[in-house]
Amino acid sequence: MQIINTIAELRSVLKNQSNVAFVPTMGNLHAGHIQLVEVAKQHAECVVVSIFVNPLQFGPNEDLASYPRTLEADCGKLKTAGASIVFTPSVEEMYQDFDGINLNQTMSITLPSIANELCGASRPGHFAGVATVVMKLFNMVQPSIAVFGQKDFQQLFIIKQMVKQFNLPINIIGVDTVREPSGLAMSSRNGYLTDAQRASASQLNSALQSIIQSVMCGNKDYAQLELQAKSTLNSQGWLADYISIRSSLTLLLASSTDTNLVVLGAAKLGNTRLIDNLTFNI
Ligand code: PAF
C-alpha cells in the first residue's frame, strides 16, 4: 500500500490504471469505512482511499479543529483491508490554486435547493463544501467507481446528482450503514460521546424505527409522526434538529402516494450532532 501526499505523485502513480475504485474519507476510520473499502475491492483491483479533513465543509462553530486525526492507525487499518493507495493531501495541496491559501476565494459548486434542507438547513454551505472537495478529488483520482456510505444519505443523493448533472463518467455506489449491536450508526463523531451518552445514542435509530412501524401500520400523517419523534427524543435529553420522512428517490417531502421512502434524523446529544436514516418501501 502506497501513501501519497501530492497530486502530482498521485497522477503519476495512477497514469496507467484504467479501473480505479475510490473511497473518499475524512479519516478516523471505523468498520463502516472498512466496509466501503471491501465494496470498492469488489469493483477494481486498484482501490484509492483519500483521507482529508476538508475545511470547506465545516461551519465556523463546528468541530474542524477537534475533528479526530488518526492517520497512523487509519493507514494500518487500510493496509489490513487491502487498499492500494492512501491519498492524504495537506490543506495547502488541496487548495493551493491561489496566492496563499484563501478558502474564501475557492471556487465552489452551486447546488440545488435540496442542499439547503435537512442537514443543509442547520449547516449552511456544508454540502457546497462537500461537493467541491469531492469534485476536486474525482478530478485527481479519476476513478471509474466511487463508494459512499448511505449513512450520509443526503450527501450521497447530492453526489449522485452532481455526477449526473456534470456528466462525470463515475459509477457511484452507496453502501448500507454499518451499525453497533445497539443500532447506533457507526460514525467518527461517536468518539465524542461519553459512556452515558453512548448508552442512549441508539435512541435516534429507535425513533426512526418507530416511525417506520407506524407508517407500515397505515399512519400517513407524516408531519405528526415527525413531531412526535422529535418530542420523544427531546424528552430523552436530545436536542432534535429534524426528523423528516421523504421520498428516497427525490429527497422531497413524502406525499401519501410515494412508495419509496426514507426517514432521516439529526439530533444533538450533548455537544455531539448525530445523524441517521432508514429507507423503506410501502
Ligand atoms: O463523508 C465524508 O467523510 C466527507 O463528507 C467526504 C465525502 C469525504 C468529503 O469530505
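At a glance:
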read-out: Boolean, LEU168 is away from the ligand (no atom under 14 Å from the Cβ) and open to solvent by less than 20 Å² (accessible area, probe 1.4 Å); value: no
read-out: Residue in region 218-237 that is within 21 Å of the chain's Cα centre (by Cα), open to solvent by less than 30 Å² (accessible area, probe 1.4 Å) and not acidic (Asp, Glu) present; value: no
read-out: Counted residues, region 232-245 - those being over 10 Å from LYS268 (Cα atoms), touching a strand residue (DSSP E or B) at 6+ places or on another chain (Cβ under 8 Å) and of a type in the set (Gly, Ala, Ser); value: 1
read-out: Matching option when the condition is in a helix (DSSP H, G or I), at pLDDT 95 or above and more than 12 Å from the ligand (Cβ to nearest atom), among GLY129, GLY76; value: GLY76
read-out: Identity of the residue in region 256-271, in contact with a Phe, Trp or Tyr (Cβ under 9 Å, 6 or more places away or on another chain) and free of Cβ contacts under 8 Å to residues at least 40 places away in the same chain, that ends up least open to solvent (accessible area, probe 1.4 Å); value: ASN260
read-out: Among (1) within 15 Å of the ligand (Cβ to nearest atom); (2) within 16 Å of the chain's Cα centre (by Cα); (3) open to solvent by 60 Å² or more (accessible area, probe 1.4 Å) - the single one ARG179 does not satisfy; value: (1)
read-out: Where a residue in region 146-164 is farther than 16 Å from GLY129 by Cβ and touching a residue at least 12 places away in the same chain (Cβ under 8 Å) and its partner, wherever it lies, is charged (D, E, K, R) and away from the ligand (no atom under 11 Å from the Cβ), with Cβ under 8 Å and at least six apart; value: GLN150/ASP176; LYS151/ASP276
read-out: Hey, GLY125 without any contact (Cβ under 8 Å) to a residue 12 or more places away in the chain, open to solvent by less than 70 Å² (accessible area, probe 1.4 Å) and closer than 25 Å to ARG189 by Cα or not; value: no
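The values are calculated or read from the model by the stated rules, or taken from the named source; none is laboratory data. Predicted model only: the values in this text are computed from it and were never measured. With ideal geometry, Cβ positions are generated from the backbone for all residues, glycine too; neighbour counts draw on all protein chains shown. The protein model used for the area step is the full one, side chains on, heavy atoms only, and it has no ligands, DNA or RNA in it. Shrake-Rupley method; radii C 1.70, N 1.55, O 1.52, S 1.80 Å.
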